[in-house]
Amino acid sequence: MALYENVFLARQDLSPQQVEALVEQYKGVLENGDGSVGRVESWGLKSLAYRIRKNRKAYFTLMNINAPAEAVKEMERQMGLSEDILRFMTVRVDEHEEGPSAMMQRRDDRGRRDDRGPRRPREGNGGGQ
């Protein structure tokens with residue numbers, strides 16, 4: 001069986017329990033197709049870069065999948081038919097990442113590397129004359 005990562009965006013007017021029900025629904029589809037779902041991460045309600053079907057925000061969810069291609073295709077078909085799913089993307093991977101995904105890792109601005117070098121103070125009054 002192949003390994004996949006699936007990220008889907010659910011409508012903003014759903015409750016977190018309804019989003020969890022969607023995850024369980026798609027888990028069932030994959031399990032019926034002899035697949036399994038490993039880690040599931042809910043990234044929460046996030047703003048979108050642009051409106052999708054009149055939604056400015058969406059619930060983001062990541063699922064690590066171990067399933068045959070036919071089961072993944074069936075899950076994607078059902079996601080495409082669902083009005084609760086705004087977008088989804090499934091990517092085949094060689095192996096699943098251990099630990100939290102990049103979206104769940106805590107950002108540490110103190111250790112950030114800045115390629116621009118040190119900031120220099122502006123001269124004058126900043127009027128650009």
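Here, each number is a calculation from the coordinates, and none is a lab measurement. Just so it is clear, the structure is predicted and the values come from calculations on it, not from any experiment. Cβ placement follows ideal geometry from the backbone for every residue including glycine, while neighbour counts extend to all protein chains displayed.
Here the strands (runs of 3 or more DSSP E) wholly within the stretch 6-101 that include at least 2 residues being at negative phi and free of Cβ contacts under 8 Å to residues at least 60 places away in the same chain are 36-52, 55-67.
Residues checked against (1) surrounded by 11 or more Cβ atoms within 10 Å (Cβ to Cβ); (2) more than 17 Å from the chain's Cα centre (by Cα):
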position: A49; (1), (2): no, no
position: A58; (1), (2): yes, no
position: L62; (1), (2): yes, no
position: E76; (1), (2): yes, no
position: G80; (1), (2): no, no
position: L86; (1), (2): yes, no
position: D94; (1), (2): no, yes
